[in-house]
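Contents: one structure, followed by commentary.
The values are calculated or read from the model by the stated rules, or taken from the named source; none is laboratory data. Just so it is clear, the structure is predicted and the values come from calculations on it, not from any experiment. Note: ideal-geometry Cβ built from the backbone for every residue, glycine included; neighbour counts use all protein chains shown. Accessible surface areas use protein heavy atoms only, side chains included; no ligands, DNA or RNA. Shrake-Rupley method; radii C 1.70, N 1.55, O 1.52, S 1.80 Å.
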Amino acid sequence: MKKSEKRLLIAAGIAAVGAIGFAASTYLMSKKLVKIALERNATQDTPENEKKKNQIRGYADPEDFVKSVSEGKAYLSSAETEIFTIESYDGISLTGHYFPVENPKRIVIAMHGWRSSWKQDFAPIAAFWHRQNCSILFCDQRGQGLSGGEYMGFGLMERHDCAEWVKFMHEKEPALPIYLAGVSMGAATVLMASNLGIEEAVHGIIADCAFTSPHAIWKHVVESNLRMSYGIIGRIADDMCRRTIQVGSRDFSTLDAMKENKIPTLFIHGTDDHFVPIEMTYENYKACNAEKRLLIVPGAEHSMSYYCNKNEYERMVTQFFKDYDEKEL
């Protein structure tokens, strides 16, 4: 064999090994990302994992905001609550924390975000809702908190859970208008639930910093926050998602739901959101087929719009309640 032929074979061998190594590393990275995205027990509360979570989100919470959340949690801890449990469409036990008020005018069903909790996401705003005579049902999303399930679904499964909670509360308090409120993944959840036949009971939706689909938010996080290409990773991740929760990351989106939405919707987003880009709320707003309103908060990071501009946030939500409490849908 000639030396030139040997060199070609060696080069080909090196290239093949490199390709195999790249494919293996890409698969392992995709598997790790999907595990973190969907599995309940994929992460532990350690300083190192908190750093990784901040890298995924693209920011860390400022001290003043953390203090505001702590004060809100103290308020919630002092309030009376009742635990409700229902069964999901696929047999999972779901838990809700009900905070009633005397002489309620409406019910707010609140859905928290990814790897978060109802106390974390709604602590700052709970007292305001109570002042507005709202009884509140804080739901533990599946795969989180006291609810069952080993996986989260980025709204793809939770949308059906939300519809079940609407049915449950409407049967419990049929005379009261229901509003859905969500933050981040919870906001995507309530938007995705809008086309599931809940418009008779639900008078309005408040969606704070919602993404458009699992695929879209995963792509943004990987490319913008983790600085990696999402092409091959995205295809592998979608296949893994489908095998894990029986639905693909591209199979349904808030945009699909918004095209059929009949429920008045208030969209909220901060301009400095590094986790869910503000463009996704613009997309949701544009696609929405129902009556709609938009609140953009300058300088607000992810889920911090209420913290950054309480006055305007409260004004918009108060008017929203006033306009749609008695509205015939």
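Brief remarks follow.
- Note on the stretch 261-277: residues that are in contact with a helix residue (DSSP H, G or I) (Cβ under 7 Å, 6 or more places away or on another chain), among the β-branched types (Val, Ile, Thr) and closer than 19 Å to Gln319 by Cα amount to 2.
- Ser116 vs. criteria surrounded by fewer than 21 Cβ atoms within 10 Å (Cβ to Cβ) and of a type outside the set (Lys, Arg): yes
- Beta carbons closer than 6 Å, at least 6 apart along the sequence or on distinct chains, pair a first residue in the stretch 33-61 that is at positive phi and of a type in the set (Gly, Ala, Ser) with a second that is modelled with pLDDT of 85 or more and not in a helix (DSSP H, G or I) for Gly58/His274; Gly58/Phe275.
- Single residue of the stretch 55-88 satisfying the filter (more than 26 Å from Leu191 (Cβ to Cβ) and outside any helix (DSSP H, G or I)) that is most open to solvent (accessible area, probe 1.4 Å): Glu80
- Inter-residue pairs, beta-carbon under 6 Å, first surrounded by fewer than 21 Cβ atoms within 10 Å (Cβ to Cβ) and in the stretch 207-227, second of a type in the set (S, T, N, Q), 6+ apart: His215/Ser249
- Checking each residue in the stretch 228-246 for being touching a residue at least 60 places away in the same chain (Cβ under 8 Å) and not in a helix (DSSP H, G or I) picks out only Met228.
- Every residue from the stretch 185-206 that is open to solvent by 10 Å² or more (accessible area, probe 1.4 Å) and closer than 26 Å to Arg242 by Cα: Asn195, Leu196, Gly197
- Residue within the stretch 205-227 that is farther than 28 Å from Phe122 by Cα and among the charged types (D, E, K, R) present: yes
- Residue, surrounded by the fewest Cβ atoms within 10 Å (Cβ to Cβ), within the stretch 92-112, restricted to residues that are of a type in the set (Gly, Ala, Ser) and over 14 Å from Ile178 (Cα atoms): Ser93
- Any hit, the stretch 175-195, residues being over 20 Å from Ser303 (Cβ atoms) and touching a Ser or Thr at 6+ places or on another chain (Cβ under 6 Å): no
- The helices (runs of 4 or more DSSP H) located wholly in the stretch 247-314 that include 2 or more residues which are touching a residue at least 12 places away in the same chain (Cβ under 8 Å), open to solvent by 40 Å² or more (accessible area, probe 1.4 Å) and not aromatic (Phe, Trp, Tyr) occupy 254-260.
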